[in-house]
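One structure is given here, and the rest of the page talks about it.
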Amino acid sequence: MIRRRLHETISSSLPIICGLAAATVVICDAMGVSLNSGYNPLNESISDLVFYPWGWLEQLGMAAAGFTQIMFAAFILSSKSARTNHWVRISGLIFAVMSIGFGIITVFKTDPGLGIESLGGGIHVTTVIVLAALFPINCYLLSRAIGNNPDSATILHFSYLMAAIGGLIAFQLLPLNPIRFIGISERLLAGVNLAWIVFAGSHLPHLVDTPVK
């Protein structure tokens with residue numbers, strides 16, 4: 001009963017949650033860039049904002065993004081589909097892992113510059129890479145899981161597109177591919193993620209929303 005109520009509550013509020021979270025991330029980043037003089041959004045990482053006076057805005061944005069992962073995880077894992085379709089269940093678990101990842105990168109700060117100089121910085125960078133890899137993978141898995149639904153064509157194609165773009169950008173962020181404009185690359189990847197979150201938040205409920213009895 002509790003699981004069913006949780007599922008129904010999240011299902012009805014997911015579009016609003018995703019929209020507000022995406023807006024929070026964008027606003028926090030825009031404010032962080034404009035208020036922190038000396039910060040270069042092109043060649044400095046998003047994570048570098050924490051070293052500036054208004055760095056807490058970056059952490060607030062990360063918390064908002066992480067909250068959407070928690071909501072997706074709870075929504076999917078509380079659905080009837082998660083009991084009958086192991087791919088749906090795996091996707092929900094990946095969202096849960098990603099929510100933990102956002103918590104980790106919020107707690108452990110990156111090291112200044114492009115190098116890794118501390119354990120905390122190494123944990124931060126490693127987690128960011130894992131999150132960048134998990135997003136396109138999860139887009140693909142969830143799309144395949146609901147692909148048999150006749151109404152899933154739109155989100156299926158959109159998810160494939162976002163997974164392809166996200167995967168390409170994520171590959172560019174790997175340590176073996178040093179790039180000059182890491183800030184803009186990270187923001188492009190974040191934009192792809194947010195676009196999928198907002199789109200999925202408004203389309204998934206009627207595709208996966210099968211309350212558990």
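Kindly check whether there is at least one residue in segment 172-183 that is buried (at least 18 other Cβ atoms within 10 Å of the Cβ) and modelled with pLDDT of 75 or more.
As a first pass, look at segment 172-183 and keep what is buried (at least 18 other Cβ atoms within 10 Å of the Cβ): 173, 182-183.
Then drop every residue that is not modelled with pLDDT of 75 or more, which leaves 182-183.
Yes, segment 172-183 contains at least one residue that is buried (at least 18 other Cβ atoms within 10 Å of the Cβ) and modelled with pLDDT of 75 or more.
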Pairs under 8 Å by beta carbon, first residue more than 30 Å from SER47 (Cβ to Cβ) in segment 1-29, partner in a helix (DSSP H, G or I) and among the aromatic types (Phe, Trp, Tyr), six or more apart or different chains? HIS7/PHE75; SER11/PHE75
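Criterion first (more than 24 Å from THR126 (Cα to Cα), among the acidic types (Asp, Glu) and either assigned to a helix (DSSP H, G or I) or within 14 Å of the chain's Cα centre (by Cα) (or both)) does GLU8 satisfy it?
On the way: more than 24 Å from THR126 (Cα to Cα): yes; among the acidic types (Asp, Glu): yes; either assigned to a helix (DSSP H, G or I) or within 14 Å of the chain's Cα centre (by Cα) (or both): yes.
Judged against the criteria, GLU8 is a match.
When you scan segment 104-122, do you find a residue that is part of a helix (DSSP H, G or I) and aromatic (Phe, Trp, Tyr), even just one?
Initial filter on segment 104-122 (part of a helix (DSSP H, G or I)): 104-107, 119-122.
Going one step further and asking which of them are aromatic (Phe, Trp, Tyr), we end up with none.
The answer is no; no qualifying residue exists.
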Among residues of segment 104-133, those that are touching a residue at least 24 places away in the same chain (Cβ under 8 Å), among the small types (Gly, Ala, Ser) and surrounded by fewer than 17 Cβ atoms within 10 Å (Cβ to Cβ), counted: 1
Please determine whether any residue of segment 54-61 is part of a helix (DSSP H, G or I), in contact (Cβ under 8 Å) with a residue 60 or more places away in the chain and of a type in the set (A, V, I, L, M, F, W, C). no
Tally time: how many residues in segment 32-51 are without any contact (Cβ under 8 Å) to a residue 60 or more places away in the chain, more than 20 Å from PHE102 (Cα to Cα) and either in a loop (DSSP other than H, G, I, E, B) or among the hydrophobic types (A, V, I, L, M, F, W, C) (or both)? 6
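Scan segment 1-18 for residues that are in contact with a Gly (Cβ under 9 Å, 6 or more places away or on another chain) and surrounded by 15 or more Cβ atoms within 10 Å (Cβ to Cβ) and report the count. So that I can check it myself, show each step before the final result.
First, pick out the residues of segment 1-18 that are in contact with a Gly (Cβ under 9 Å, 6 or more places away or on another chain): 14-18.
Then drop every residue that is not surrounded by 15 or more Cβ atoms within 10 Å (Cβ to Cβ), which leaves 14-15, 17-18.
Residues in segment 1-18 being in contact with a Gly (Cβ under 9 Å, 6 or more places away or on another chain) and surrounded by 15 or more Cβ atoms within 10 Å (Cβ to Cβ): 4 in total.
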Extreme residue, modelled with the lowest pLDDT, among residues of segment 200-210 that are part of a helix (DSSP H, G or I) and surrounded by fewer than 17 Cβ atoms within 10 Å (Cβ to Cβ): HIS206
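The values are calculated or read from the model by the stated rules, or taken from the named source; none is laboratory data. Model, not experiment: these values are computed from the prediction. Note that we place each Cβ from the backbone using ideal geometry, even for glycine, and neighbour counts take in every protein chain shown.
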